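Trainee: Quick one: the structure is below, and I'll ask about it shortly.
The values are calculated or read from the model by the stated rules, or taken from the named source; none is laboratory data. If you're wondering where the values come from, they're calculated on a predicted model, not measured in any experiment. Here Cβ is always computed from backbone atoms with ideal geometry, including for glycine, and neighbour counts include all displayed protein chains. All accessible areas refer to the heavy atoms of the entire protein, side chains included, with ligands and DNA or RNA removed. Shrake-Rupley method; radii C 1.70, N 1.55, O 1.52, S 1.80 Å.
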Amino acid sequence: MTEEFDIIIKNATIVDGVHDAFRGSIGIAGERINKVGDFSGDAVRLIDATGLIAMPGFVDSHSHADNNFPWYPDCQSAIMQGCTTVVAGQCGGSPAPLGEYIRAPMGLSDELYDLMPFVYHSPSPLVSLETINELNKEKYGWTIDWRTMEEYFEFIRNLGISMNYAPLVGHGTVRYKVMGEDYKRHATDEEVAQMKTLIRQAMDEGCIGMSVGLDYVPDVFADGSEIDACVSVLKEYNGIYAPHWRRTGRRRNIGRGAGYAEPLEGIVEVVETCKKAGVKMNMAHIAPGWHSIPPMTPHIGKTVGEATLAPLDEAIAEGHDITFDCIPWECWEPLPYLCSVHFTQFLRLQGSREKLAEWLKVEEFRKKCWDEIESGKLFQRVVINPCLNAAHWAENLYITKHDKQEYDGILLSEAAEKMGKDPWETLCDLIVEDPDSRGSHKDYRGIEEQMKVFFKHPRCTVGLDVSVCDEKWERRHPPYSIPLPDTYSGYTKFLIRYVRESNFISLEEAVQKCATLPAKFHNIKDRGMLTPGSYADVAILDFEKLKIVGIPEESRNYPEGTSYVIVNGNVVVDSGKHTGVRPGRILAK
Ligand SMILES: [Zn+2]
């Protein structure tokens, strides 16, 4: 006899995205859920979910997975935390349309550096496709042959991916395609017309919207009328505008005395664009709208959080369809070595951390390093930039691992107090003592009261702002980057931090933010819920045993507690292990 179900998940606590949590079973036939509740029946596969929680697979509202699918089709880092769908192509970058010069892929960053070394900044973010393909062929055995989104989709369909992909086209990618290497200027009317044609084509090919990266090259060179004109195309398609708003302002030559932009203006700017075009908008990765000069306190954090949301709340009250996403980890960046960021150029010149540590014993050299920081030649994030954040930079820098254990897990400012020295001398001393010591930086979002204001908002979803990867990737060259912690444990962190440990939001609310709302807002049909008729995208978690593995700030480990993950009715994580199947779909319109 043939079984009624392919899979029955029994004895689960089910949080289905619609109702309060309840106990029951989920029956899956083919790619869809066809029964939920109290029933039994015959199934090819029975998953006993006693003690486990079944919820809709997470829908990441802000992902860069598309730039790594061809290299990591198993999408390990996302799948292993229960994420089954990504809205990808964010911050202005998508895999197509491509011209003859393209952005450097992550998987070739070391090879490109070997070929074209630099001291401060790569001379161009663009590399010829011919060069990329030569290197890629040698390292990975294949070449980038797609030029349009449709051709990219075809490539991905042939390769297979483990998760679903809702595609955006990136305005920055379109701009590169039209302007090539001559992108550091405003576009002409004719070029804007060409961009609109390319965006229309990408939308016709199935993209669900368009992203922009207003802080990044090349979008940072676009004027408002170009952005408005390009966003207006989306209206014809009921497409979604996904802006990375202007938060950092200028990123080069930020020396002593340079002022910084008030980020709030960047929020007002994207809200205006959304209103003018009359389109839906998901604003990327919310962050504080102001930099605060007095030391951050819970009260200041909360107030800044509320004021940051004000322009969005006003527009929502006027009837505009707006959501925004927020990143779970308060730490943006594992450095990962304590010396990685403030000394990158010297690491490049001297060739090793040991050599740097040797030279840091020399007073003259220390002074030279400080002069370099004051000159602003090397980009440093605001929070750990001694020029921009003289008062607090050392309070944002964690020492995650040091030979002298007394420094493990404390802030640079605390270490400075212990040593009785200023933070700069302390940093140099710590590197001299242990060149391989590890570090990470947090930022203002680390103020819990502020994060809570963001996350509690009914229009806030969880977005990880990372790509897909395995647990091994790191850059061989300085700054020796490793993927951000959200890559491996963003959802795990969110659930542990806001549901299990603080009870700040309920599990039902968490499911809304991690799955239901992002699916609904992005017009992703029949996902983000575990109701009969929905696609069988399911995350089954051992909620009590959810655990981030390793040193959190530099974790390249998959979390514990993700028991099963099902994508389109196929078991992709089975008893905590990736099965290697690739049942993901491209959710093109
Ligand atoms: Zn971004």
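Trainee: Could you name every one of the strands (runs of 3 or more DSSP E) located completely within the range 34-75 that has at least 3 residues being of a type outside the set (Ser, Thr, Tyr), open to solvent by less than 40 Å² (accessible area, probe 1.4 Å) and out of contact with any Leu (no Cβ under 6 Å at 6 or more places or on another chain)? I'd like the intermediate steps shown before the answer.
Mentor: Working: elements: 43-48, 53-56, 58-63.
So the answer is 58-63.
Trainee: Output the residues belonging to the range 116-134 that are without any contact (Cβ under 8 Å) to a residue 40 or more places away in the chain and out of contact with any strand residue (DSSP E or B) (no Cβ under 9 Å at 6 or more places or on another chain).
Mentor: Residues of the range 116-134 that are without any contact (Cβ under 8 Å) to a residue 40 or more places away in the chain, as a first pass: 116, 122-123, 127-134.
Scanning the range 116-134 gives Ser122, Pro123, Glu130, Thr131, Asn133, Glu134.
Trainee: Mind checking which residues of the range 453-486 are closer than 30 Å to Ala317 by Cβ and within 19 Å of the chain's Cα centre (by Cα)? Write out each step before concluding.
Mentor: Residues of the range 453-486 closer than 30 Å to Ala317 by Cβ: 453-465.
Phe454, Phe455, Arg459, Cys460, Thr461, Val462, Gly463, Leu464, Asp465 - these are the residues of the range 453-486 that are closer than 30 Å to Ala317 by Cβ and within 19 Å of the chain's Cα centre (by Cα).
Trainee: When you check Asp313 against the structure, is it surrounded by 23 or more Cβ atoms within 10 Å (Cβ to Cβ) and touching a His at 6+ places or on another chain (Cβ under 9 Å), yes or no?
Mentor: Details: surrounded by 23 or more Cβ atoms within 10 Å (Cβ to Cβ): no; touching a His at 6+ places or on another chain (Cβ under 9 Å): yes.
It is false that Asp313 is surrounded by 23 or more Cβ atoms within 10 Å (Cβ to Cβ) and touching a His at 6+ places or on another chain (Cβ under 9 Å).
Trainee: Just to be sure, is Glu333 within 30 Å of Cys83 (Cα to Cα) and open to solvent by 30 Å² or more (accessible area, probe 1.4 Å)?
Mentor: Yes: the conditions hold for Glu333.
Trainee: Still on this structure, please answer the following. How many residues are assigned to a loop (DSSP other than H, G, I, E, B), among the small types (Gly, Ala, Ser) and open to solvent by less than 40 Å² (accessible area, probe 1.4 Å) if we restrict to the range 563-579? Reasoning before the result, please.
Mentor: Initially, the range 563-579 is screened for residues assigned to a loop (DSSP other than H, G, I, E, B), giving 568-569, 575-576, 579.
Checking the rest, the ones that are also among the small types (Gly, Ala, Ser) come to 569, 575-576.
This time we only want the ones that are open to solvent by less than 40 Å² (accessible area, probe 1.4 Å), so: 569, 576.
Count: 2.
Trainee: I've got another one for you. Determine if the range 255-270 includes at least one residue that is modelled with pLDDT under 95, in a strand (DSSP E or B) and either open to solvent by less than 60 Å² (accessible area, probe 1.4 Å) or touching a strand residue (DSSP E or B) at 6+ places or on another chain (Cβ under 9 Å) (or both).
Mentor: no
Trainee: Follow-up. Can you tell me which residue among Pro295, Pro328, Pro288 is open to solvent by 10 Å² or more (accessible area, probe 1.4 Å) and within 16 Å of the ligand (Cβ to nearest atom)? Steps first, please.
Mentor: Working: Pro295 fails: within 16 Å of the ligand (Cβ to nearest atom); Pro328 fails: open to solvent by 10 Å² or more (accessible area, probe 1.4 Å).
Being open to solvent by 10 Å² or more (accessible area, probe 1.4 Å) and within 16 Å of the ligand (Cβ to nearest atom) holds for just one of Pro295, Pro328, Pro288, which is Pro288.
Trainee: Check off (1) of a type outside the set (Lys, Arg); (2) touching a His at 6+ places or on another chain (Cβ under 8 Å); (3) under 22 Å from Gly550 (Cα atoms); (4) open to solvent by 20 Å² or more (accessible area, probe 1.4 Å) for Val466 and give me the number that stays unchecked.
Mentor: The single condition Val466 does not satisfy is (4).
Trainee: Within the range 338-351, does at least one residue satisfy the condition of being in contact (Cβ under 8 Å) with a residue 12 or more places away in the chain, charged (D, E, K, R), in contact with a strand residue (DSSP E or B) (Cβ under 8 Å, 6 or more places away or on another chain) and open to solvent by 10 Å² or more (accessible area, probe 1.4 Å)?
Mentor: The initial filter retains those residues of the range 338-351 that are in contact (Cβ under 8 Å) with a residue 12 or more places away in the chain, namely 338-349.
Then drop every residue that is not charged (D, E, K, R), which leaves 348.
Still in the running and in contact with a strand residue (DSSP E or B) (Cβ under 8 Å, 6 or more places away or on another chain): none.
No, because not a single residue in the range 338-351 is in contact (Cβ under 8 Å) with a residue 12 or more places away in the chain, charged (D, E, K, R), in contact with a strand residue (DSSP E or B) (Cβ under 8 Å, 6 or more places away or on another chain) and open to solvent by 10 Å² or more (accessible area, probe 1.4 Å).
Trainee: Does the range 208-218 include one or more residues that are more than 30 Å from Phe379 (Cα to Cα), in contact with a helix residue (DSSP H, G or I) (Cβ under 7 Å, 6 or more places away or on another chain) and not aliphatic (A, V, I, L, M)? Before the answer, list the steps.
Mentor: Of all residues in the range 208-218, those more than 30 Å from Phe379 (Cα to Cα) come to 208-209.
Checking which are in contact with a helix residue (DSSP H, G or I) (Cβ under 7 Å, 6 or more places away or on another chain) leaves us with 209.
Pick out the ones that are also not aliphatic (A, V, I, L, M) and you get 209.
Yes, that holds for at least one residue.
Trainee: In addition: Suppose we filter the range 286-338 for residues that are within 21 Å of the chain's Cα centre (by Cα) and polar (S, T, N, Q); how many remain?
Mentor: Of the residues in the range 286-338, 2 are within 21 Å of the chain's Cα centre (by Cα) and polar (S, T, N, Q).
Trainee: What's the number of the only condition in (1) assigned to a loop (DSSP other than H, G, I, E, B); (2) crowded, with 17+ Cβ neighbours inside 10 Å; (3) of a type in the set (Gly, Ala, Ser) that Ser122 fails to meet?
Mentor: (2) is the only condition that Ser122 fails.
Trainee: Within the range 536-562, which residues are touching a helix residue (DSSP H, G or I) at 6+ places or on another chain (Cβ under 9 Å) and assigned to a strand (DSSP E or B)?
Mentor: Selection gives Ala539, Leu541, Lys547, Glu560, Thr562.
Trainee: Within the range 302-323, identify whether any single residue is in contact (Cβ under 8 Å) with a residue 12 or more places away in the chain, touching a Ser or Thr at 6+ places or on another chain (Cβ under 9 Å) and not in a helix (DSSP H, G or I), and answer yes or no.
Mentor: yes
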